[in-house]
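I have placed the structure first, in the form of structure tokens, so that the comments after it can refer back to it.
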Amino acid sequence: MFELFILISIPVWLVIGWIWLNYKDSRDEWQPLADELGLEFEWSGPFLGRGVAGTYRGMDVSVRVFGRHQRQPIGARDKHGNRLRKLGEADSRGSGHATYVIKSDKLLPGFALTEEGVGSKVTKLLGAQDVEVGSAPLDDAFVIKADNPSLAREVLGRAGIESALLKLRYKTSKIELADGTLRVNFVRAHHAYEVSAYIAKLTGLMAMLAPVAPTLHSPDKPEDESQDVPATADALPENWW
């Protein structure tokens, strides 16, 4: 009877051990990022993703990453031909996806932005509100709504905004902005060390979409060493994206 119990318990302990190693691996990768940005590390299980969440630059931020990257030996080349410099550095050939949710209470009332699609074209034909900003690439890529269309055009006309939105659309599988919340899905899992830059970029974009643009910092430098963008300069830095 005891032997039968041992045989039955072995798979259970193996599963428990695998779950623990998954948690530990995720914590070791993501906790330093969480500490750096003042966020909380979140882990929902081996199949439910891991990431960070909290308040960053006055905005509610949540990042959830699903899937894993392949671990490669030092000296191996990634899919772009670059040599991996760190032992066990993750390559970007792993499967998965990453979801970023940024919420700000400073955006225009009723301001919404969704990707242009077949359904949106039908609703526009039926008379749904759509703010035309006067730029064909932006107007063709997104359906834009706002309670104050003229102010929305002014905000979207700031230098760098159109380029940032179009590049973001190209890099993602979904981008949606509504009720002060930006939701962006990427088609691959992100490394923890990539997430810091993406958070800085997305919160910077959200800040510049507010009627009064605050001072921003370059995401490529620590805040105490970065060059500020004056609050009156309605532009994103040239290297923002």
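Looking only at residues of the range 142-188 that are of a type in the set (A, V, I, L, M, F, W, C) and modelled with pLDDT under 85, we find that the one that is farthest from D60 (Cα to Cα) is A159. State which residue pairs qualify: first residue touching a residue at least 60 places away in the same chain (Cβ under 8 Å) and inside the range 27-55, second residue among the polar types (S, T, N, Q) and outside any helix (DSSP H, G or I) in any location, beta carbons under 8 Å apart, and separation of 6 or more residues or different chains. Final answer for the pair search is G51/S62; V52/S62. Among residues of the range 56-79 that are farther than 22 Å from D25 by Cα, those with a Cβ under 6 angstrom from a residue that is part of a loop (DSSP other than H, G, I, E, B) and at pLDDT below 90, sequence gap 6+ or separate chain, pair up as K79/R93. When each of F41, F66 is tested for being under 16 Å from the mean Cα position of the chain (by Cα), surrounded by fewer than 18 Cβ atoms within 10 Å (Cβ to Cβ) and at pLDDT 80 or above, the lone residue that passes is F66.
The values are calculated or read from the model by the stated rules, or taken from the named source; none is laboratory data. Since the model is a prediction, treat every value here as computed from it, not as a measurement. When we count neighbours, we look across all protein chains shown, and the Cβ atoms used for this are built from the backbone with ideal geometry, even at glycine.
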